[in-house]
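What follows draws every value from the coordinates through simple rules; no lab data is involved. Quantities reported herein were computed from a predicted structural model and do not represent experimental measurements. Every residue, glycine among them, receives a Cβ derived from its backbone with ideal geometry; neighbour counts consider all protein chains shown.
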């Protein structure tokens with residue numbers, strides 16, 4: 001959306017309530033938000049190497065490839081993710 005443009009759908013955000021919040025309100029809401037995970041100290045970080053990729057030649061239906069290209073900026077990565085989720089669902 002460009003500056004000055006109206007959004008395609010009206011916002012359901014209560015901006016007046018948000019703008020009236022103090023820093024303390026924001027901190028309290030963040031602490032009580034179940035989706036706000038605590039920040040772990042670096043000593044507890046775990047480095048996970050992603051699985052190794054293997055280059056292959058794969059024939060895919062033209063409409064399937066076109067759909068992924070139209071709907072994803074990184075269509076090959078997206079296709080790999082879909083295949084991984086399918087594989088995990090079958091394990």
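Were the residues from residue 14 through residue 35 laid out at 0.36 nm apart, the gain over their Cα-Cα distance would be 5.6 nm.
Each of residue 82 and residue 61 was given a label point 7 Å from its Cα along the Cα-to-Cβ line. The distance between the two points is 1.0 nm.
Per-residue ellipticity at 222 nm computed for the chain from its helices equals -13500 deg cm²/dmol, with DSSP H segments shorter than 4 residues left out and the rest contributing -39,500 (n - 2.57). Residues 56, 26, ranked from the fewest to the most other C-beta atoms within 10 Å, line up as 56, 26. Labels on offer are [x] 15.2; [y] 19.2; [z] 12.6, and the one holding Kirkwood radius over Cα pairs in Å computed from this structure is [y]. Applying 1/(1 + (r/R0)^6) with r as the Cβ-Cβ distance of residue 42 and residue 74 and R0 = 35 angstrom yields a FRET efficiency of 0.75.
Between 0 and 90 degrees, rounded to the nearest ten: what's the tilt of helix 62-71 against the longest Cα principal axis of the chain? Tilt relative to the chain: about 20 degrees.
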